[in-house]
Amino acid sequence: MKSTKIISLTVIIALLGSMLPTVRAIAPPPPKRFAQRQANIERRIDTLLARMTVEEKLGQLQQLDGDVDGSFRAEHPDLVRRGLLGSFLNVRGAKRVNELQRIAMTESRLKIPVLFGYDVIHGYRTIFPVPLGEASSWSPVDAERSAQIAAREASAAGVRWTFAPMVDIARDPRWGRIVEGAGEDPYFGSVMARARVRGFQGADYSDPTRVVACAKHFVAYGAAEAGRDYNTTDMSETTLREIYLPPFKAAVDAGVGTFMSAFNDLNGVPTSANPFTLTEVLRNEWKFDGLVVSDYESVKELMNHNLAADEREAARAAINAGVDIEMVSRLFNKHGAQLLRENKVSMGTLDEAVRRVLRIKFRLGLFDNPYVDESREAKEIMSAEHLRAAREVAARSLVLLKNERETLPLTKNLRSIAITGPLADDQKNLTGSWNADALNKTEGIVSVLAGIRAKTGAETKINYAKGCEITGDDTSGFAEAVRAAQNSDVAIVVVGESAEMSGEAASRSSLDLPGRQLDLIKAVQATGKPTVVVLMNGRPLTINWIAENSPAILETWFAGTEAGNAIADVLFGDVNPGGKLPVTFPRSVGQIPLYYNHKNTGRPPDAKNKYTSKYLDVDVTPLFPFGHGLSYTQFSLTNLQLSAQRIRPDGRIIASVEVENTGRRAGDEVVQLYIRDVAASVTRPVRELKGFERITLRPGEWRRVSFTLTPESLGFYDRQMRFRVEPGAFKVIVGTSSVGGLEAGFEVIQR
Ligand code: BGC
């Protein structure tokens with residue numbers, strides 16, 4: 001008889017935490033001490049504010065840009081000396097930062113420290129998988145761990161503020177910035193947002209090895225019309241509240257110190273001048289007391305949006321809506337004093353913005369501890385411990401999309417392996433589009449070819465041929481690639497996008513593999529050799545031919561500094577893949593937007609009935625659904641149980657399921673819990689993720705995994721925009737992807 005073991009997420013996190021040397025248990029500071037410290041901070045701010053001139057106040061609201069190599073510009077030291085520059089982006093390096101800080105702390109009148117911000121998105125110098133890739137681990141523990149390491153390296157270089165995490169929900173893979181987030185689901189995005197904020201900030205970001213995080217881009221930036229970056233967004237308040245806001249709220253709940261307003265307009269009002277989102281929601285509803293920075297020149301761009309006729313109007317609209325720091329453009333600075341004189345901005349509004357900036361500087365401990373220890377950089381950046389973590393996190397983020405006839409894992413004693421494809425021997429693309437201080441550096445980056453060479457012994461002959469480039473029409477390298485395959489036991493083809501094909505200003509109208517890469521795969525497969533396709537890309541791709549015809553597909557996104565080692569770990573079975581897709585792969589661009597938590601419509605698709613919601617020329621289903629991902633072992637889910645048949649609207653219900661590893665290897669499964677509200681006053685999605693847990697099981701081992709559904713899981717915004725749980729029937733679906741699963745039902749009864 002099996003005995004029931006309930007495994008809770010906290011236990012897993014605690015267990016994993018104890019295994020990972022870099023994750024320290026985060027205990028929040030005792031509330032009383034915290035409150036006292038905050039009160040003390042507010043008093044110190046009052047004293048400072050009383051001494052500041054209008055110019056010095058506006059100086060705190062100004063952020064300027066350094067150069068990509070981290071250096072500052074000629075005008076910066078003097079601006080700091082005069083108290084006219086409160087923060088930087090891109091300036092980094094312990095020596096430089098200390099040099100500027102010394103000017104602020106010894107030569108400026110009020111000795112207010114400057115704050116150094118930087119886009120530390122998925123690593124500072126040790127690069128972890130791109131955020132969408134890391135999200136594929138479905139492991140908040142890994143997300144937290146990588147953010148903590150990124151914080152440690154960045155802070156060693158004097159950076160104490162990261163413009164991350166990006167928590168934008170993205171339902172459109174044409175949008176290149178889908179790579180920077182956690183995918184399409186608000187619940188999943190919220191879990192990852194919390195983990196990343198915790199990872200960057202820890203319990204208290206006055207710790208000099210931590211950075212203050214920034215939830216961006218507030219808000220709905222991912223809903224850009226037609227997937228074209230910076231484009232307009234228009235949606236109901238219900239969609240805004242249920243899909244796009246939750247990860248931001250989760251970041252606030254996790255204590256995020258800063259927010260970034262976005263580039264896009266939302267329902268006609270640019271989000272960098274939107275009082276509804278920046279003040280009503282963020283400040284009044286959520287009680288956020290940190291600072292808001294604009295996106296890069298997004299204050300100035302209010303003129304392009306036709307919201308402001310001139311610079312003065314743009315400055316006024318942004319500051320009055322709730323933007324505190326202006327990134328790069330200088331309109332607050334230039335026009336602030338006059339706006340005050342004309343009573344178009346009140347002194348109260350200005351003081352409040354300055355207070356928020358100073359509050360974060362105090363919370364970072366910068367007034368008392370402004371300098372960075374210059375000996376840390378050499379010791380901490382790309383340390384062996386950080387590289388080991390990057391390899392482990394990368395391996396856990398890979399997704400096995402397909403594996404027929406046990407093509408994978410490969411045995412290590414193969415006589416020969418053909419390795420081909422434009423990304424097989426590549427280093428520069430592996431770090432993705434936000435590679436921070438690793439930009440233009442290849443030192444230490446492990447290619448797939450190098451990773452496989454390190455994994456296999458001298459007896460295995462590696463036949464490498466590039467085959468073709470990522471783009472372009474040149475097929476002259478095909479013959480050599482085909483020969484390599486003919487002379488080998490297996491072929492590995494490494495294809496995808498270049499790093500700059502995703503990220504900012506990198507939207508695509510086609511999601512096909514660029515160039516002649518698909519033809520290369522076809523040519524290699526035509527040799528009859530077992531062929532493994534390794535994908536690198538920053539967004540879902542329409543890979544229909546490969547999905548149908550290639551026996552094995554491994555999605556690796558851009559896996560970072562240790563990509564090649566991590567990929568080799570998985571290809572050869574030292575790590576059993578356990579990642580899952582955090583985003584839907586469509587069959588065709590014409591299906592977009594395509595996401596698992598869609599509505600049912602009055603005429604759900606039915607192949608036998610013409611007058612139903614579908615296409616004439618493509619199936620309505622995705623190529624690979626949200627939550628999909630295979631393993632080298634198999635799992636079975638049985639015996640779904642609910643703790644009650646009926647609950648009240650304020651009640652909770654526990655759903656649990658038995659998961660067994662029925663295969664021959666140890667492996668990970670991500671158990672996913674979805675709900676469906678069967679009938680409600682507002683139409684509800686066909687299913688919504690409300691819980692997940694990645695577990696490891698040995699062959700033959702089983703566990704009961706449980707999830708608690710709370711009013712927060714079951715509620716929605718009704719027609720009056722009130723969040724509530726409505727009485728009626730609910731379905732619970734537990735499975736290993738967003739398709740299929742075990743089902744049970746319960747009812748919410750009137751109290
Ligand atoms: C991006 C932000 C980024 C900022 C600073 C902007 O163009 O939208 O995500 O944080 O630049 O580099």
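Results, tabulated for the structure shown:
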| item | result |
| --- | --- |
| At R0 = 56 Å, FRET efficiency that the Cβ-Cβ distance of Y371 and N487 yields, to 0.05 | 0.40 |
| Solvent-accessible surface (1.4 angstrom probe) belonging to T407, in square angstrom, nearest 10 | 20 Å² |
| Positive-pole candidate from H598, P649, A321, dipole of the chain, charges at beta carbon | P649 |
| Sparse-neighbour loop sites [trypsin sites (Lys or Arg not before Pro); region 583-661; at most 15 other C-beta within 10 Å; DSSP] | K608, K610, R652 |
| Unsatisfied cross-links (Cα-Cα over 27 Å) in the set K580/K731; K216/K690; K57/K441; K300/K361; K216/K287; K216/K402 | K57/K441; K216/K402 |
| Shape category assigned to region 295-413 from the gyration tensor of Cα positions, a/c cut at 1.5 | oblate |
| Nonlocal amide H pairs with I325, under 5 Å, H built at 1.01 Å | V292, V293, S294 |
| Simple Cβ-charge dipole of region 398-584, Lys/Arg +1 and Asp/Glu -1, about Cα centre, in debye nearest 20 | 440 debye |
| Solution diffusion estimate, µm²/s, Stokes-Einstein, region 52-377, Kirkwood Rh from C-alpha pairs, 20 °C, viscosity 1.002 mPa s | 110 µm²/s |
| Carbon + sulfur, % of accessible area of region 635-748 - ligands and nucleic acids excluded, 1.4 Å | 44 percent |
| Sparse-neighbour loop sites [chymotrypsin sites (Phe, Trp or Tyr not before Pro); region 583-653; at most 15 other C-beta within 10 Å; DSSP] | Y611, Y615 |
| CD proxy at 222 nm, helix term only [per DSSP H run n ≥ 4: -39500 (n - 2.57); per residue of the chain; nearest 500] | -8000 deg cm²/dmol |
| Peptides 42-53, 189-200 ordered by average Cβ neighbours within 10 Å, highest first | 189-200, 42-53 |
| Residue-normalised accessible area of the chain, expressed per residue, 1.4 Å probe, Å² | 38 Å² |
| Sequence-separation-based contact order of region 593-737, relative, with Cα cut under 8 Å and 6+ spacing, percent | 26 percent |
| Region 426-493: GluC sites (Glu not before Pro) in DSSP loop, at most 14 other beta carbons within 10 Å | E443, E459 |
| Heavy atoms of E75 accessible to a 1.4 Å probe, total area in Å² rounded to 10 | 80 Å² |
| Rounded accessible area of D253 (nearest 10 Å², 1.4 Å probe) | 100 Å² |
| Under-5 Å amide H pairs with G691, H placed in peptide plane, nonlocal only | L673 |
| Percentage relative contact order, region 398-584, counting C-alpha pairs under 8 Å, at least six apart | 35 percent |
| Sequence-separation-based contact order of the chain, relative, with Cα cut under 8 Å and 6+ spacing, percent | 13 percent |
| Positive dipole terminus of region 52-377, leading residue within I243, Q338, L364 (C-beta point charges) | L364 |
| Phi to ³J(HN,Hα) by Karplus 6.51 cos²θ - 1.76 cosθ + 1.60 over region 677-688, Hz, x for Gly, Pro | 7, 5, 8, 8, 6, 10, 4, 10, x, 5, 7, 9 |
| Cut-off under 5 Å, modelled amide H: who pairs with I419 long-range | N463, Y464, A465, I492 |
| Inverse mean reciprocal Cα-Cα distance (Kirkwood Rh) of the chain, Å | 26.9 Å |
| Sulfur and carbon atoms: percent of accessible area, region 350-466 [1.4 Å] | 47 percent |
| Point-to-point label distance, L642-R719, nm (Cα→Cβ direction, 7 Å offset) | 2.6 nm |
| Estimated distance in nm for a label pair at V618 and N284, the labels positioned 7 Å out from Cα along Cα-to-Cβ | 4.3 nm |
| For region 368-438, the spread of Cα positions along each principal axis, largest first, Å | 62, 25, 23 |
| Share of carbon and sulfur in the accessible heavy-atom surface of region 544-587 [1.4 Å probe, %] | 34 percent |
| Interatomic Cα distance distribution for region 635-748, bins of 5 angstrom, percent | 2, 12, 23, 22, 16, 11, 7, 4, 2, 1, 0 |
| Positive-end extreme of charge dipole, the chain - chosen from N231, T475, L132 (charges on Cβ) | L132 |
| Cross-link reach list, aspartates and glutamates versus K466, counting only Cα pairs under 13 Å and skipping chain neighbours closer than eight places | D425, D426, D474, E480 |
| Computed magnitude of the charge dipole of region 372-481 (debye, nearest 20; Cβ of K, R +1, Cβ of D, E -1) | 560 debye |
| Karplus-derived 3J(HN,Hα), 6.51/-1.76/1.60, for each residue of region 466-480, Hz, glycine and proline x | 5, x, 6, 8, 5, 10, x, 10, 6, 10, 5, x, 4, 4, 5 |
| Net charge, A378 excluded, C-beta distance under 12 Å - Lys, Arg +1, Asp, Glu -1 | -1 |
| For region 540-554, 3J(HN,Hα) per residue [Karplus equation, 6.51 cos²θ - 1.76 cosθ + 1.60, θ = phi - 60°, Hz, x = Gly/Pro] | x, 10, 8, 10, 4, 4, 5, 4, 7, 10, 8, x, 9, 10, 10 |
| Dipole magnitude (debye, nearest 20) for the chain, charges at Cβ of Lys, Arg, Asp, Glu | 1840 debye |
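The values are calculated or read from the model by the stated rules, or taken from the named source; none is laboratory data. The shown structure was predicted, so the numbers you read here are calculated from the model rather than taken from an experiment. Reconstructed Cβ throughout: ideal geometry from the backbone, glycine too, with neighbour counts over all protein chains shown. The accessibility values were calculated without ligands, DNA or RNA, using every heavy atom of the protein model including side chains. Shrake-Rupley method; radii C 1.70, N 1.55, O 1.52, S 1.80 Å.
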